[in-house]
1. Among the residues of the stretch 215-227, write down those that are open to solvent by less than 10 Å² (accessible area, probe 1.4 Å) and either in a helix (DSSP H, G or I) or touching an Asp or Glu at 6+ places or on another chain (Cβ under 6 Å) (or both).
2. Consider residue 351 carefully, then state whether it is free of Cβ contacts under 8 Å to residues at least 40 places away in the same chain, more than 17 Å from residue 185 (Cβ to Cβ) and not hydroxyl-bearing (Ser, Thr, Tyr).
3. Scanning for something in contact with a strand residue (DSSP E or B) (Cβ under 6 Å, 6 or more places away or on another chain), under 22 Å from residue 137 (Cβ atoms) and either in a helix (DSSP H, G or I) or modelled with pLDDT under 95 (or both), does the stretch 350-361 turn up at least one residue?
4. Limited to the stretch 85-121, what total is found for residues that are of a type outside the set (Val, Ile, Thr) and over 21 Å from residue 516 (Cβ atoms)?
5. When both residues are 6+ apart or on different chains and their Cβ atoms are under 6 Å apart, which pairs have a first residue that lies in the stretch 440-454 and is farther than 17 Å from residue 322 by Cβ, and a second that is aliphatic (A, V, I, L, M)?
6. So which residues in the stretch 496-517 are within 13 Å of the chain's Cα centre (by Cα) and open to solvent by 10 Å² or more (accessible area, probe 1.4 Å)?
7. Can residue 317 be described as touching a helix residue (DSSP H, G or I) at 6+ places or on another chain (Cβ under 6 Å), at pLDDT below 95 and either outside any helix (DSSP H, G or I) or open to solvent by 30 Å² or more (accessible area, probe 1.4 Å) (or both)?
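The values are calculated or read from the model by the stated rules, or taken from the named source; none is laboratory data. Here the structure is a predicted model, which means the values were calculated and not measured. Here Cβ is always computed from backbone atoms with ideal geometry, including for glycine, and neighbour counts include all displayed protein chains. Accessible surface is based on the protein model in full, side chains and every heavy atom, while ligands, DNA and RNA are left aside. Shrake-Rupley method; radii C 1.70, N 1.55, O 1.52, S 1.80 Å.
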Amino acid sequence: MPRTRSVTAVTKVAAHFDRRTFLAATGALTLSAGIGYALGPGGPEAAAGTVPVQALSRKAPAAPLAPYTRGTTLATVATPHGSGYRRLGDGPAWQRVVRSELAGARSGREGRRTALAAFVQFTDLHLVDVQHPLRYEYLRSQTASAWRPQEALSVAGAVSLVERVNALRGAPVTAAPLGFVMTTGDNTDNNARSELDWFLVTMSGSRGGRITPNTGDARHYEGVQNSGLKLYWHPDAALRDADKQDHHFPRIEGFLAAAISEVRSPGLNLPWYSTVGNHDALPGGCYAPGDGFFAEFAVGGRKLMDLPASAGKAIWDNVKKGGDPKGTAFKELLRAQARHMRAVTPDESRAPFTPAEYLAAHLDPAHTGPGPVGHGYTHANVAAATQYYTFRVADGVLGISLDTTDPGGHYEGSLGTAQLNWLVRQLKTAERNGDHVIVFSHHTSKTMRNLNKDPGRRTEKRHDGKELAAVLAAHRTVLAWVNGHSHKNDITAHTGTGGAPGFWEISTASHVDFPQLARIIEIADNHDGTLSLFTTLIESSAPHRTDFTDLTQTGLAALYRELSFNAPGSRSTLSGTAGDRNVELILKKG
């Protein structure tokens, strides 16, 4: 696999200059950092689809003195105050923790280290078309993920995260330029074309960055939050719904009109890459795609908003067990409840997208933004009907993006034999080339337990997370496996086998559930036989403290965070422990 020169190589040279020269160099190079090369599913298209970074209209700030904390959770973290419905404000920072399970931390490394690469991970943005007929909000009593009080503001929240990244001044530890952003799946919530469009515009700033997060009636909201059902928070109404009565949620007049009004995204000032998740690929995030009934229902004029608790429990218990991967029971439920549905405005933009359409949308030149064309995906992916690829992270560092969704259905993941064999070939090639490897996927090692057959490859075996982790642990070139899906910060040390040094699995919290985070990851050579991976968590740029009368785009993004903290059923454990947040992860060179 051919090497390509990257700005990080320049950073390594610059590290030997005096401090002023180094800062000037990194500042000058910020705009061109991370020019990506999508290598495709087989690796031969090293330059195909590569374009110069088009970031001149999104000027990045000058590089700071290193290290720095501003704009990260090393400076402050949103923290609740009071009782009942709790307001957020500035709180204590999360300090950095050194983890040395895979290698010892040697003294003096701070003065020796040089940067190899730096990038940002987004995961589980869940941009939600909240009026979509296929959504199952009525299962709220069974699972908090069925409906969240904050989700009507998901686009404003994601745009605020983009704004945060654009304001970062390089990597906080090494001051290296940030090379790119990688999204590790569940970019959308319900496999809807409307949501995919909002995601691509949010990330790339295409169409002038204009997004109207509304489907159906262009003039009115038609979802559960004005249904009159006490199961849901009705922000505009005086109705004493369950969230107001039991959890002291506020009344905010004008909320729904603001939630479906136009927002604008500047688009990232960095190249960005995309990894597919189960909510991107499967209706509801759990049912096998391609069903004509679901496609018709998605664009139609009926929406179920209420369901007897016993029926809801039965359907959700079946989903959790993976007992209905094709959605047969779900279809029967919708047919049986037809007379109890609310009339809504039909909309073709709510149609599910196919894997081919997902690729085509990424490859659309209109959504290139700062590049690269396809955001990792190439025309070779289209021809091979695959959604996995390699790309150049930096000189000497290879990225591998996997597709862990199972076309057979269910929200947990796995890999087919063809993809696993392809991965092994990429790892062997990287070893011959002397490359380090960062692997990206949506699912974690603990959530790849679904071995349903791929309907398009009935004879192909599926492989779980334990098997994938064992493959990675056997290759000395693998540094990290970066993923999401669990909506929780969780960092796991995987011991190597056969003389390999092992790798770190880095799982990051979502941007839909509190604490709504993304993660900066830096790779540095300590020049003592070890490498350090630094991870630093960031929040969106929205202020911690909200004002219920502020329904501007920024105000909505702040409210998005506060509502997510107060959401009934939200888990307080998603921040993880100190060792899962801002950390230095040490490992031996392979």
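1. Correct list: 215, 224, 225.
2. no
3. yes
4. Qualifying residue count for the region: 19.
5. 440/182; 440/482; 441/402; 445/469
6. 513, the sole residue that qualifies.
7. Taking the combined requirement at face value, the residue does not satisfy it.
A quick yes/no check of all residues on (1) under 24 Å from the mean Cα position of the chain (by Cα); (2) surrounded by fewer than 19 Cβ atoms within 10 Å (Cβ to Cβ); (3) closer than 24 Å to residue 413 by Cβ:
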{"residue": "466", "(1), (2), (3)": "yes, yes, yes"}
{"residue": "472", "(1), (2), (3)": "yes, no, yes"}
{"residue": "485", "(1), (2), (3)": "yes, no, yes"}
{"residue": "489", "(1), (2), (3)": "yes, no, yes"}
{"residue": "494", "(1), (2), (3)": "yes, no, yes"}
{"residue": "519", "(1), (2), (3)": "yes, no, yes"}
{"residue": "538", "(1), (2), (3)": "yes, no, no"}
{"residue": "545", "(1), (2), (3)": "no, yes, no"}
